[in-house]
Amino acid sequence: MYRNGFLTTVVLCCCCLGMLGNIDHSGRYVAMVPAFQGTANALGPVISGLLLANEGGYQQVLMTGAFCMLVALAIYVFLGTARRFAKRFPVFQ
């Protein structure tokens with residue numbers, strides 16, 4: 001099960017970085033991705049530990065992770081939709 005989740009994450013990260021590369025031609029945002037990933041890798045265990053210390057249990061940790069994933073997905077969907085809208089209607093660029 002972990003292997004399938006890992007492969008899905010790798011494929012989604014590649015697709016998201018590809019879309020980000022198409023949106024930002026200067027490369028600034030793609031260069032910021034490792035910094036944000038490092039920040040998330042540092043803050044994730046801290047937040048999980050705080051949730052577990054406050055007797056939240058592992059279900060609360062998993063729900064927090066799912067919520068963060070859905071927020072990220074919503075941002076990528078919004079960016080993709082905005083990009084297609086801007087191509088279709090160049091007046092709004």
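The values are calculated or read from the model by the stated rules, or taken from the named source; none is laboratory data. The structure presented is a predicted model; accordingly, all values stated were derived computationally and were not measured. Methodologically, a virtual Cβ is constructed for each residue, glycine included, from the backbone with ideal geometry; neighbour enumeration extends over all protein chains shown. We work out accessible area using only protein heavy atoms, side chains counted, and drop any ligands, DNA or RNA first. Shrake-Rupley method; radii C 1.70, N 1.55, O 1.52, S 1.80 Å.
Scanning region 43-52 turns up no residue that is assigned to a helix (DSSP H, G or I), in contact with a Gly (Cβ under 6 Å, 6 or more places away or on another chain) and surrounded by 10 or more Cβ atoms within 10 Å (Cβ to Cβ).
Conditions tested, residue by residue: (1) free of Cβ contacts under 8 Å to residues at least 60 places away in the same chain; (2) in contact with a Cys (Cβ under 8 Å, 6 or more places away or on another chain); (3) over 30 Å from Lys87 (Cα atoms).
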position: Gly18; (1), (2), (3): yes, no, no
position: Asn22; (1), (2), (3): no, no, no
position: Val30; (1), (2), (3): yes, no, no
position: Val33; (1), (2), (3): yes, no, no
position: Pro45; (1), (2), (3): yes, no, yes
position: Gly49; (1), (2), (3): yes, no, yes
position: Tyr58; (1), (2), (3): yes, no, yes
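Looking at Val77, is it part of a helix (DSSP H, G or I) and open to solvent by less than 80 Å² (accessible area, probe 1.4 Å)? It is false that Val77 is part of a helix (DSSP H, G or I) and open to solvent by less than 80 Å² (accessible area, probe 1.4 Å).
How many residues does region 53-70 hold that are surrounded by 11 or more Cβ atoms within 10 Å (Cβ to Cβ) and closer than 21 Å to Val10 by Cβ? The number of residues fulfilling the criteria is 4. For region 2-31, taking the residues that are aromatic (Phe, Trp, Tyr) and modelled with pLDDT under 75, the one that is least open to solvent (accessible area, probe 1.4 Å) is identified as Phe6.
Of all residue pairs spaced 6 or more apart or on separate chains, those with beta-carbon atoms under 6 Å, a first member in region 62-88 that is at pLDDT below 80 and a second member that is in a helix (DSSP H, G or I) are Tyr76/Cys16; Arg83/Ile23; Ala86/Phe92. Could you grab me the full set of residues in region 39-57 that are under 17 Å from Phe67 (Cα atoms) and β-branched (Val, Ile, Thr)? Across region 39-57, the qualifying residues are Val46, Ile47.
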